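The values are calculated or read from the model by the stated rules, or taken from the named source; none is laboratory data. A quick note: this is a predicted structure, and the numbers were derived from the prediction, not measured. Every residue, glycine among them, receives a Cβ derived from its backbone with ideal geometry; neighbour counts consider all protein chains shown.
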Amino acid sequence: MVPVQGCHTPVPMCPHGVTDSVPKLALGAALLNVRIPVLLGQLVNVVSRCARGHVPTYLREVRRPALRLLAVYCLQGLLTFGYIALLARVGEQVAGNMRKALFSALLRQEVAFFDATRTGQLVARLTSDVQEFKSSFKLVISQGLRSGTQTAGCFVSLYLLSPKLTGLLLVTLPVLVSAGAFIGAFLRSLSRQAQEQVAKATVVADEALGNVRTVRAFAMEEQQAGLFRAEVDRAGRLSEQLGLGIAAFQGLSNLALNGIVLGTIFVGGSLMAGDELSPGDLMSFLVASQTVQRSLANISILMGQVVRGLSAGARVFELLRLEPLVPLQGGISIPAHSLRGHISFNHVSFSYPTRPGYRVLEDFSLTLPPCQTVAIVGPSGGGKSTVAALLERFYEPTAGTITLDGHDIASLDPSWLRGQVIGFISQEPVLFGTTIMENIRFGKPGASDAEVFEAARLANADGFIRTFPEGYNTIVGERGTALSGGQKQRIAIARALLKDPAVLILDEATSALDARAERAVQEALDRAAAGRTVLLIAHRLSTIQAAHLIAVLAQGRVAEAGTHEQLLRQGGLYAELIRRQTKDGS
Ligand SMILES: Nc1ncnc2c1ncn2[C@@H]1O[C@H](COP(=O)(O)OP(=O)(O)OP(=O)(O)O)[C@@H](O)[C@H]1O
C-alpha cells in the first residue's frame, strides 16, 4: 500500500515589505500636504509686504520661503509617485494571488458543489469580486490614509490660523458634505442599475452568439436582435439619467465650493480690517479649507467603495475557506502489479445532495469481475449514469460501500483512482479548444508523442486525424465544435486509453451517432475493452449483447442480471425491453 499525502500550497496574498512601505509613503505625502498651506501663507506674506514698496529686497526675501515651498512640492511629488507606483504593484499582486488561490480552491471542490452553484457566479467571484476588492484595498490605502490625515492636519492648521473662521467652516461644511454624500449615494445606486442593465444586454448577446446554430435553425435572428435592442435602450436611458444627475451634482458642488471661498474672503476681509488676520493667513486658510473639502468628499465616496469592496472580499474569502467534502488527494493506492480491477457495489443507496429527499439508488449491489464487461440497462432517469459517477467518486454513497480489489474506494487516493485506474468516456465528450494532440494528452500529461499516436490508433482516430492538413496540431475549436460527433467520441476514447486504465466506464458512448460513425466508434471501444474491467451504460440494447453480464436497473436496484440469452429466457424486464425496442424499430 502506498500512502499519498493530500497537499495544497497556500498562495501568500500580500508581498511583505512592499506592503509596509505603501502606508508610510502615503502618510508622508499627506503630512506634506498639510504643511503646504502654511508655507504658501508665509510666501504670500512676503510677496504682499514687498508689494507695499520694499521692491529692492524682494528677491532676497522671497527666495527662502519660495525654495522651501518648492522643496516640499518636489518631495511630495516624489512620495506620491512612490506610493502610487508601489500600490499598483501590491494591488496587482494581491489580486493575482487571490485569483490563483480562488481558482485552485474552486477546482478542489466536489462535483456536488458545482451542481448547486452556477458557473456564472463562480466566474464573477474570480473576476469582478476580486477586482472590486483590489480597488477598495488600493483606495483605502491611498485615498483613505491621505484624506484622513489631511483633514485632521488641516483642521489643526485652520484653527491655529483663525479660530473664528474655523468655527464658521465647522457649521457649513458638515451640511454640505452630508448633502453631497446623500446625492452621491443616489447617483451610485443609479450607476449600479445602469451597469446591471448593461450586463443584462450582454447576457442576451452572449446566449444568442453562443447558441448561434439554434438561433439560425429557428430563424430567431430578428427576435433576438429585438430583445438585445430593448435591453440596450433601457441601459441607454438609465445612463442618460445618470449623466443628468452627475451634471447637476457637479454644478451644485461647484456652486457650494465657490460659495465657501467667497464667504471666507468676505469674513476674512473683515478680520483683516481688524488686524486679526494677515493676507498670508487668509491665503493659507483658503488653501487648507479647500484641502479639507476635497478630503471630506473623498472620504464620503470612499465609504461606499469600502462597503462594496468588503462584501466582495467576504464572498471571495468564503469560497477560499471552503474545504471540499472529498479532498482531491490523500489516501492509499494499490501498486500497479497487484491491481486487478475487481469492483463491487455493496448495498449502495444514494440521493443527490441537491435533491436529498429523492433516492436514485436503493440497496444497489453489483459485482464487476476483473477484465469483464458488465452492462447496465434500464429506463431513462433510472440512475445508470449515477452508478458511474459514484464509481468515479464524484459523489459519496448515502449508505453502503464500493470496493476496488477489496478496498473501500473511500480509503483510496481519489486522484490516483481517477488519474490512473479509471478511464471515463461520457455521453457527451468534452474537448478543450486546443490541438487534438493536447486534447489526447489530457489523459496523461507526461505522455510522449508516440504514446499519443498509439492511443489514437487504438481508438480508431489516427486515420481521420492524419487526413486533416494540420494533423495532430489541428485546433478542435471551442468545445470541439470543429469535429463531428463520432470524431469527438474517438478522441475522447484515445484520451481515456492513453492512461491505460484498468477500469473503463463507457456511458452511452455511441448513443448520438449514425450507423457508420457508430461502427467506427464501436470497433474502437471493443478494442479498448480487451483486458480491462468495463462498466458499460447503454440504451441501445444491440450494443450490449456481447457483455459478460447485463444488469437491469429498476427502482434504484438491480432487478435482474445475467447474460443476454439467460435474460431473454427468463422473460422478465430485459425481455420486455428487447421486445419493445424491436417493435419500435420495425
Ligand atoms: N447532478 C444531479 N443533481 C440532482 N439530480 C440528478 C443529478 N444528475 C441526475 N439526477 C437525477 O437522478 C436520476 C438518475 O439520473 P441518471 O442520469 O443517473 O439516469 P440515467 O439512467 O443515466 O438516465 P439516462 O439514460 O436518461 O441518461 C434522474 O432522476 C436525474 O434527474
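The set of residues in segment 373-390 being more than 29 Å from the chain's Cα centre (by Cα) and either acidic (Asp, Glu) or on the phi < 0 side of the Ramachandran plot (or both) consists of THR373, VAL374, ALA375, ILE376, VAL377, PRO379, SER380, GLY382, LYS384, VAL387. Look at segment 495-512: where a residue is closer than 21 Å to SER338 by Cα and modelled with pLDDT of 90 or more and a partner is assigned to a helix (DSSP H, G or I) and within 12 Å of the ligand (Cβ to nearest atom), sitting 6+ places away or on another chain with Cβ atoms under 6 Å, you get ILE505/ALA388. The set of residues from segment 440-459 being under 22 Å from ALA529 (Cβ atoms) and either within 33 Å of the chain's Cα centre (by Cα) or free of Cβ contacts under 8 Å to residues at least 24 places away in the same chain (or both) comprises ILE440, PHE442, GLY443, LYS444, ALA447, VAL452, PHE453, GLU454, ARG457.
Within segment 358-408, the set of residues being under 14 Å from GLY556 (Cβ atoms), touching a strand residue (DSSP E or B) at 6+ places or on another chain (Cβ under 7 Å) and either without any contact (Cβ under 8 Å) to a residue 40 or more places away in the chain or part of a helix (DSSP H, G or I) (or both) comprises TYR358, LYS384, SER385, THR386, VAL387, LEU390. Among the residues of segment 411-427, at least one is at pLDDT 90 or above and acidic (Asp, Glu). Count of segment 312-359 residues, restricted to those that are more than 16 Å from the ligand (Cβ to nearest atom), among the hydroxyl-bearing types (Ser, Thr, Tyr) and surrounded by 14 or more Cβ atoms within 10 Å (Cβ to Cβ), is 2.
Reported count of residues in segment 533-556, each being farther than 23 Å from LYS583 by Cβ, away from the ligand (no atom under 14 Å from the Cβ) and among the polar types (S, T, N, Q), is 1. Return yes or no: is ALA459 surrounded by fewer than 18 Cβ atoms within 10 Å (Cβ to Cβ) and more than 13 Å from the ligand (Cβ to nearest atom)? Judged against the criteria, ALA459 is not a match. Evaluated against (1) in contact (Cβ under 8 Å) with a residue 40 or more places away in the chain; (2) surrounded by fewer than 16 Cβ atoms within 10 Å (Cβ to Cβ); (3) over 30 Å from VAL46 (Cβ atoms), LEU242 falls short on exactly one condition, (2). For LEU431, the conditions (1) modelled with pLDDT under 90; (2) within 16 Å of the ligand (Cβ to nearest atom); (3) over 14 Å from VAL111 (Cβ atoms) all hold with the exception of (2).
Assigned to a loop (DSSP other than H, G, I, E, B), within 16 Å of the ligand (Cβ to nearest atom) and surrounded by 15 or more Cβ atoms within 10 Å (Cβ to Cβ) - does that describe any residue in segment 409-426? Within segment 409-426 (the criterion being assigned to a loop (DSSP other than H, G, I, E, B), within 16 Å of the ligand (Cβ to nearest atom) and surrounded by 15 or more Cβ atoms within 10 Å (Cβ to Cβ)), the answer is yes, since at least one residue qualifies. From the list ALA201, ALA208, ALA235, ALA219, the one residue that fits, being outside any helix (DSSP H, G or I) and either surrounded by fewer than 12 Cβ atoms within 10 Å (Cβ to Cβ) or touching a helix residue (DSSP H, G or I) at 6+ places or on another chain (Cβ under 9 Å) (or both), is ALA219. The set of residues from segment 100-127 being at pLDDT 85 or above and not hydrophobic (A, V, I, L, M, F, W, C) comprises LYS100, SER104, ARG108, GLN109, GLU110, ASP115, THR127.
Filtered by the rule that a residue be crowded, with 17+ Cβ neighbours inside 10 Å and touching a Ser or Thr at 6+ places or on another chain (Cβ under 8 Å), segment 245-277 gives ILE260, THR264, GLY268, LEU271, LEU277.
At least 1 residues being within 30 Å of GLU392 (Cα to Cα), of a type outside the set (A, V, I, L, M, F, W, C) and away from the ligand (no atom under 16 Å from the Cβ) is the threshold, and among the helices (runs of 4 or more DSSP H) wholly inside segment 111-151 those reaching it are 119-124. Among the residues of segment 175-195, at least one is within 28 Å of LEU106 (Cα to Cα) and surrounded by fewer than 17 Cβ atoms within 10 Å (Cβ to Cβ). When residues in segment 531-551 are screened for being under 20 Å from GLN566 (Cβ atoms) and either assigned to a loop (DSSP other than H, G, I, E, B) or charged (D, E, K, R) (or both), 6 of them pass.
Across segment 450-461, the qualifying residues are those that are touching a Lys or Arg at 6+ places or on another chain (Cβ under 9 Å) and assigned to a helix (DSSP H, G or I), and the one among them that is farthest from ALA482 (Cα to Cα) is GLU451.
Only residues that are over 24 Å from GLU110 (Cα atoms), away from the ligand (no atom under 14 Å from the Cβ) and surrounded by fewer than 16 Cβ atoms within 10 Å (Cβ to Cβ): list them for segment 368-399, please. Answer for segment 368-399, where residues must be over 24 Å from GLU110 (Cα atoms), away from the ligand (no atom under 14 Å from the Cβ) and surrounded by fewer than 16 Cβ atoms within 10 Å (Cβ to Cβ): PRO369, PRO370.
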